[in-house]
Amino acid sequence: MSSTAKAPTLRYERTFAASGHRILAGCDEVGRGALAGPVSVGLVAVDLAAVRSLKGVRDSKLLSVADRNALVPQIKKWALAWGVGHATAAEIDLHGLTAALRLAGTRAWDQVCLTVRPDVVLLDGNYNWLSPEQQGSLFDDPDQPAAGCTAPVHTRIKADMQCLSVAAASVLAKVERDAMMVEFAAANPHYSWEINKGYATGAHRAAIDVHGPTPLHRMSWRLGSKPRPGEPVPAPGDDLSTVGG
């Protein structure tokens, strides 16, 4: 499924060097619209003074499984540091999707900071869900991380398509999350997670209608083809029907 789309570059990332930044982390999430499994966040840190381009990287949704898997060791070698964090379905139900994204992002951030502390983050999209000042009471729980991303976060729509560090982060996050869903599928064979990766396909919803949800499903979401009694309805704008991401 290799794409003919224009390859992402480091052109936009390098504009941050003019503002005095040197260590930039590209950030992207996968699993936002799934019915089951975690939401996952990838972070890839690069040294703007030294990094060179990396061939073959695209937004993870534009690559075949084989191409994504082949890129993982290349990205890890190319990056100054990298991390992938996850927030479980139970954490999504408990905290809400935005806070769960922040939690997964904080876990990825902590992994990166074991090697280097980025001084700026480039986040795909138009909303900063990563910065800790927007956390509210999420991290009041002593079992949760206490800090989070301390760098300024800049959002950019379609950064996963245009910016190499963000595309690389999307690949790492998707490969890791997909592998988790394949593993989960072995113990939950009715839902075809090895194929749909937990997303809202018709077959997945139909399986939930027949077999019911599992603890790996997002119980606060509409899961089957029809709402269960008392089941919350997703907020307007939530996309629960797209396979990928």
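Every read-out reported here was derived from the displayed coordinates using simple, explicitly stated rules and does not represent laboratory data. Computed from a predicted model, the values in this text were never measured in an experiment. Positions of Cβ are generated from backbone atoms using ideal geometry, with glycine treated the same way; all protein chains shown enter the neighbour counts.
Among the listed pairs 76/174; 77/158; 6/55; 55/77; 61/226, a Cα-Cα separation exceeding 22 Å is found for 77/158; 61/226. Using C-alpha pairs under 8 Å with a sequence gap of at least 6, the mean separation divided by the residue count of region 11-179 gives a relative contact order of 35 percent. This ranking places 208, 92 by how few other beta-carbon atoms lie within 10 Å of each, fewest first, which gives 208, 92.
Modelled spin-label separation between residue 210 and residue 47, with each label point placed 7 Å from Cα along the Cα-to-Cβ direction: 5.5 nm.
Determine, from the Cβ-Cβ distance of residue 77 and residue 219 and an R0 of 51 Å, the FRET efficiency 1/(1 + (r/R0)^6), rounded to the nearest 0.05. So, using R0 = 51 Å, E works out to roughly 0.80. Taking a ≥ b ≥ c as the square roots of the eigenvalues of the Cα gyration tensor, an a/c ratio of 1.5 or more together with a/b no larger than b/c marks region 11-179 as oblate. In plain terms, the chain from residue 11 to residue 154 could stretch by 50.0 nm, reckoned as 0.36 nm per residue minus the Cα-Cα distance.
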